[in-house]
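Please read the structure below before turning to the comments.
A short reminder: the numbers here are calculations on the coordinates, not readings from a lab. Quick caveat, the model's predicted, so the values are computed rather than measured. Don't worry about glycine lacking a Cβ; one is built from the backbone with ideal geometry, like all the others, and counts go over all protein chains shown.
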Amino acid sequence: MHGNANGLLLSGNHAVAHGVRLARPDVIPVYPITPQTPILEKITELQAEGQIAAELLTPESEHSAMSACISASLTGARVFTATSSQGLLLMHELLHYASGARASIVMCNVNRTPAAPWGFWPDQLDSLAQRDTGWIQLYSETPQESLDSVIQAFRVAETARIPVMISHDAFYVSHAVEPVDVPSQSLVDEFLPAFRSDIRLDTEIGRSFGAPNDQANWNRSRRELDASMQTVNDLVIDAGRDWGALTGRSYGPLEFYRTEDAEVVIVTMGSMCGTVRDAVDEMRDKGVAVGMLKVRLFRPLPVAALREALAGVPCALVLDRNYSPGTGGVLHQELKSALYGLAGAPRLHGLLTGVGGVNVAPGRIEQLVSEFSGKEPVVGPVWVE
Amino acid sequence: MTAHTAPAFKASDYKSDIKPVWCPGCGDYHVLLSVTRALAELGRRPEDVACISGIGCSSRIPAYVNCYGFHGVHGRSLPIGTGLKVARPDLTVLVAGGDGDGFSIGGNHFQHACRRNIDITYIVMDNRVYGMTKGQPSPTTEPDWDSALSPGGTGLSPFHPLVIALASGANFVARTFSGDPNRTTEVLVEAIKHPGFSFVQILSPCVTFRPDERGWKDVVHTAAVEETDDPARAARRIMTDDGFNIGILYRGNRAPYKLTGREATSDTDQLGEMFAI
């Protein structure tokens, strides 16, 4: 453990709550939903103990929660919320509004299958389906990463003036308990200064947000959002590096695990990365030249870094824990788009792996590498359960 | 085919073979019993009944009733029930759920369903808590209910669903107690028979997150006044009662929503003619 911190056994959801405590938010509107609820429970407990000074608001729905987040954030308050699955889908209308209004909200989404049929299983379709809403999206592999990412996310959101969504998988991360290094308040205060917004709802300033625009101004607002989005990759790099300098745990938009000289690179997101690490170690021990590319920043997708990382790699397997009907895995689609026209692009296999929370063990990943690495990819989705 | 004559049904005919996952002692078991008894008493064929719900512990009820069912999304049971009733007015449509589903996330739909006054019966199993997400206060929770998830209480005024139903245009308003299945069955029979939107609030204790509600059986009492068809009088009574007044509190004469368009049927002879080649 790094100095200046406490080691605690925490679930991913409770780790998020501690990250929220350390970020000193002002307003937290949350509506309960399985499997997010432990985040709300822990925040309630910390607030009752006086460890969180924020106004905790429990509105009548997720739509109302996100509405309250937007207006609170635009006053210059630091705002956090959390949801999952149906709750995120109900927020959809306001997700567009939040990014369009440039509200620096940070949200944790617990990835869960959307209905119908009803299910409560880890699957990333809920947040991936929000990829066009203008939110920065980070995917977390472990409780530790979720805590660290919440704090980094506030810095990114408040600098870029774009909301950030951190997603972690239901149960595999949200409820699994692991040792977590909880940094001190002074360390976090050093990393994350108070939110100071010169552009805010303030009667002293006299601004308004969200007024109807003519075509040219609407177009301009999107160009401005685009310009800010293009700064996000560097902001994520800076935040991950500075956090690493303080805690010993560095992060970036992508993470490379044993990809040196790899003949096969497995590309995936979220808790699946932990399983793939074990599989990669097993295969490396057997002399198989395999590595993992973890996508942590999904929006904006780090296209340039992906092209650089995968040029010259003979084969890549994308493991998608989601299914977009009619196309296939969302990460696979995104990778195909990112690598289009790249000289020396890998043979890119898209494998629908663990959709609906089906367990994927390390041994299964070894089988997939041996089954697909020599094959030519097909265009359509490949189900591999 | 000869005209259909209603066969005699037993309450057990309306029970599905799925075992409820409610906690032992949950009030909803008795609501399920009362619903099945009411349907048997009315002699509705299971295939002529649909039970629609949203999300929450009580919203699991369609799975346990042997009729058509639809387990919808959170708070949207009434719009789903409305859509079904306009497409199939011949069906008996029961919409069921809890106080969270009906008065929080679905609160606006509750008001507009009352206002539309379509011929459906809305059953709310009110336990004054979000049970499925493990114990958060709901819109009907007392403001001083002190719990781990609402330390010191919410301080918020509770919703008055029966009064809101009256103000919004519901045509039948009643309150019952799950622990009195005989009375609840009688009220449900009347609610289903009455034209227009019928709203039945069933006080249904959550023994897990509100163990204090076990005491409800000692405080519920029959309304001391006769039912009325005057919504203002009913509303005044409800606003000033203790919340445990049981009975039919309003039976109105408002004209139910008039359906237009084609007539639906479940008569097999008529269907045969419609689809004859």
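Distance from the alpha carbon centroid of the range A:201-216 to that of the range B:186-204 works out to 49 angstrom.
From its DSSP helices (H runs of at least four residues, each -39,500 (n - 2.57)), chain A gives a residue-normalised ellipticity at 222 nm of -13000 deg cm²/dmol. In loop segments of the range A:173-212 as defined by DSSP, the trypsin sites (Lys or Arg not before Pro) with at most 15 further C-beta atoms inside 10 Å of their C-beta are A:Arg196, A:Arg207. Scanning chain B for GluC sites (Glu not before Pro) in DSSP loops with at most 10 neighbouring Cβ atoms within 10 Å leaves B:1-225 as the longest stretch between them. By the count of neighbouring beta-carbon atoms within 10 Å, fewest first, A:Ile237, B:Ile55 end up ordered A:Ile237, B:Ile55.
The phi-based Karplus calculation (6.51 cos²θ - 1.76 cosθ + 1.60; θ = phi - 60°) puts the 3J(HN,Hα) values of the range A:60-65 at 8, 5, 5, 4, 5, 4 Hz, whole numbers, x for Gly and Pro. The shape of the protein assembly as shown can be summarised by an equivalent ellipsoid whose semi-axes, obtained from the alpha carbon gyration tensor, come to 49, 30, 23 Å from longest to shortest.
Axis angle, to the nearest 10 degrees, between helix A:143-160 and the longest C-alpha principal axis of chain A: 60 degrees. The mean number of partner chain beta-carbon atoms within 10 angstrom of a residue's beta-carbon across peptide A:46-59 is 1. So, R0 is 45 Å and r is the distance between the beta-carbons of A:Lys336 and A:Glu49; what FRET efficiency does that work out to, to 0.05? Calculated transfer efficiency: 0.35. Dipole of the protein assembly as shown computed with +1 at Lys/Arg Cβ and -1 at Asp/Glu Cβ about the Cα centre; of B:Pro46, B:Thr260, A:Gly326, farthest Cα towards the positive end is B:Thr260. Binning the alpha carbon pair distances of chain A at 20 angstrom intervals from zero yields the distribution 29, 58, 13, 0, expressed in whole percent.
Put a plus charge on the Cβ of each Lys and Arg, a minus charge on the Cβ of each Asp and Glu, and nothing anywhere else: the dipole of chain B about its Cα centre is then about 340 debye. Placing unit charges on the Cβ atoms of the charged side chains and taking the dipole of the protein assembly as shown about its Cα centre, the candidate lying farthest along the positive direction among B:Ser147, B:Val187, B:Val219 is B:Val187. Given an 8 Å cut-off on Cα distances and at least 6 residues of separation, report the relative contact order of the range A:5-247 as a percent. Rounded, it is 25 percent for the range A:5-247.
Set the Cα radius of gyration of chain B against 2.2 N^0.38 Å, with N its number of residues, and you get 1.00. Between 0 and 90 degrees, the angle of helix A:12-23 with respect to the longest Cα principal axis of chain A falls at about 40 degrees. Bridge orientation summary for chain A: considering DSSP beta bridges with both residues in this region, about 25 percent are antiparallel. Mind giving me the FRET efficiency for B:Lys258 and B:Asp229? R0 is 22 Å, r the Cβ-Cβ distance, nearest 0.05 is fine. With a Förster radius of 22 Å, E is 0.60.
The A:Leu57 and B:Ala8 beta-carbon pair, evaluated with R₀ = 51 Å, returns a calculated FRET efficiency of approximately 0.40. A Cβ-based charge dipole, computed about the Cα centre of the protein assembly as shown with Lys and Arg at +1 and Asp and Glu at -1, lands at about 920 debye. In this structure, the pairs whose alpha-carbon distance is over 29 Å, taken from B:Lys19/B:Lys217; A:Lys294/A:Lys375; A:Lys294/B:Lys134; B:Lys19/B:Lys258; B:Lys15/B:Lys258; B:Lys10/B:Lys217, are A:Lys294/B:Lys134; B:Lys19/B:Lys258; B:Lys15/B:Lys258. Result for chain A in a Gaussian network model with C-alpha springs under 10 Å: among A:Asn13, A:Asn109, A:Asn217, the largest mean-square fluctuation is at A:Asn217.
With both labels modelled 7 Å from their Cα along Cα-to-Cβ, the A:Gln185 to B:Val219 distance reads 4.0 nm. For peptide B:136-145, the mean count of partner chain Cβ atoms within 10 Å of a residue's Cβ comes to 1. The residue list A:Phe80, A:Leu8, A:Leu317 was ranked by how far each Cα lies along the charge dipole of chain A toward its positive end, using unit charges on Cβ atoms, and A:Leu317 comes out on top.
Using θ = phi - 60° in the Karplus curve 6.51 cos²θ - 1.76 cosθ + 1.60, the 3J(HN,Hα) couplings for the range A:334-343 round to 5, 5, 4, 5, 5, 9, 4, x, 6, 5 Hz; x is entered for Gly and Pro. Residues in the range A:297-329, backbone N under 17 Å from the label point at A:Gln367 (7 Å along the Cα-to-beta-carbon vector): list them, ranges by number please. Flagged as within label range: A:319-320.
When the trypsin sites (Lys or Arg not before Pro) in the range B:171-277 are filtered for DSSP coil states and for at most 11 other beta-carbon atoms within 10 Å of their beta-carbon, the remaining sites are B:Lys258, B:Arg262. Shielding value for A:81-89 is 1, the average number of Cβ atoms from other chains within 10 Å of each residue's Cβ. Modelled spin-label separation between A:Lys286 and B:Arg115, with each label point placed 7 Å from Cα along the Cα-to-Cβ direction: 6.5 nm. Extending 7 Å from Cα along the Cβ direction at B:Val21 and again at A:Ala343 yields two label points whose distance is 5.7 nm. Computed about its Cα centre, the charge dipole of the range A:254-383 is approximately 340 debye, with only Lys, Arg, Asp and Glu carrying charge at their Cβ.
Figure legend: label point modelled 7 angstrom from the Cα of A:Thr327 along Cα→Cβ; residues of the range A:340-357 with amide N under 16 Å from it are A:340, A:350-352. The GluC sites (Glu not before Pro) found in the range A:1-101 that occupy coil by DSSP, while having at most 13 further C-beta atoms within 10 Å, are A:Glu49.
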